[in-house]
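Heads up, the thing below is written out as structure tokens.
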Amino acid sequence: MSTTERPRFVSADVRAEIADFLALDSELLDDRRFWDWGTLLTEDFRYQVPTPRTPDTPFKPHWDDRVMFIDESKWSLETQWFRRLDEDIYEMSWGENPPVRFRHVVSNIRAEQTDDPNRYRVRSNVVLIATRQSDPPKYLSGQRTDTIDRVDGRLYLSHRWVVLDQVLLDYPQMRIVL
């Protein structure tokens, strides 16, 4: 989109539906209900976080999309990330014990209609707060760009792209969904 072109924002009703969908997305992740969260995803879902960087000029992006910090699919999330949290192998998941408590804060939701009437481009700001035991909380922030599809009247997340604000990451665990 050029700097003079205005976005095609969705109606207030659709925006409210998308905001509720994103709130459910955050709730399921915060409550560690990963398998339920997976039902919100399309089969070809992709989750990408490009490597953050600090350019010499403010006119260049502050990420490098040639190298992904995180690049996952629905399949890899379910079989490699979430499987380690199943009850039968949880005792061996040392990075999860004691568990980190997460809280997603999502704001500034901007939902645009794409050329496909059943697809929305949704930008939002996200802060992920992580706390383990009595340690001080850690914060990670960024801007999300989600592609949300409407299939048979229901919303599904088909792509999540997150540009982190921090270049140096001090976080208790990096298997995170922002």
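For the reader, a short list of remarks on this structure follows.
- Which listed residue, of F59, F21, F102, is part of a strand (DSSP E or B) and either modelled with pLDDT of 95 or more or of a type outside the set (D, E) (or both): F102
- Boolean, R175 is charged (D, E, K, R) and at pLDDT 95 or above: no
- Near pairs, Cβ below 8 angstrom, 6+ apart or cross-chain, from segment 132-148 (without any contact (Cβ under 8 Å) to a residue 12 or more places away in the chain) to any residue that is assigned to a strand (DSSP E or B) and not acidic (D, E): P137/I129; P137/A130; P137/T131
- Boolean, N118 is modelled with pLDDT of 90 or more and exposed (fewer than 15 other Cβ atoms within 10 Å of the Cβ): yes
- Residue count for segment 119-178, restricted to those that are farther than 19 Å from S11 by Cα, in contact with a helix residue (DSSP H, G or I) (Cβ under 6 Å, 6 or more places away or on another chain) and not in a loop (DSSP other than H, G, I, E, B): 0
- Scan of segment 139-158 for residues that are more than 18 Å from W63 (Cα to Cα) and of a type outside the set (K, R), ordered by number: Y139, T147, I148, D149, V151, D152, G153, L155, Y156, L157, S158
Yes/no per residue for (1) exposed (fewer than 15 other Cβ atoms within 10 Å of the Cβ); (2) in contact (Cβ under 8 Å) with a residue 40 or more places away in the chain; (3) in contact with a helix residue (DSSP H, G or I) (Cβ under 8 Å, 6 or more places away or on another chain); (4) under 25 Å from E112 (Cβ atoms):
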| position | (1), (2), (3), (4) |
| --- | --- |
| V10 | no, yes, yes, yes |
| S26 | no, yes, no, yes |
| D31 | yes, no, no, no |
| K74 | no, no, yes, yes |
| F82 | no, yes, yes, no |
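- Sole residue being under 18 Å from the mean Cα position of the chain (by Cα) and within 19 Å of D65 (Cβ to Cβ), chosen from R160, R175: R160
- Selection count, segment 121-161, where residues are in contact with a strand residue (DSSP E or B) (Cβ under 8 Å, 6 or more places away or on another chain), at pLDDT below 95 and either farther than 22 Å from S73 by Cα or acidic (D, E) (or both): 7
- Number of residues in segment 51-72 that are within 13 Å of D165 (Cα to Cα), surrounded by fewer than 12 Cβ atoms within 10 Å (Cβ to Cβ) and β-branched (V, I, T) equals 1.
- For segment 80-99, taking the residues that are in a loop (DSSP other than H, G, I, E, B) and not acidic (D, E), the one that is modelled with the highest pLDDT is identified as F82.
- Residue under evaluation D44, criteria (1) surrounded by 13 or more Cβ atoms within 10 Å (Cβ to Cβ); (2) at pLDDT 95 or above; (3) charged (D, E, K, R); (4) under 18 Å from V162 (Cα atoms), criterion not met: (1)
- Annotation note: of L77, L28, the sole residue that is among the hydrophobic types (A, V, I, L, M, F, W, C), assigned to a helix (DSSP H, G or I) and either at pLDDT 95 or above or closer than 21 Å to Y120 by Cβ (or both) is L28.
The values are calculated or read from the model by the stated rules, or taken from the named source; none is laboratory data. Bear in mind the structure is a predicted one, so any value in this text is a computation, not a measurement. Ideal geometry is used to build each Cβ from the backbone, glycine not excepted, and the neighbour counts take in all protein chains shown.
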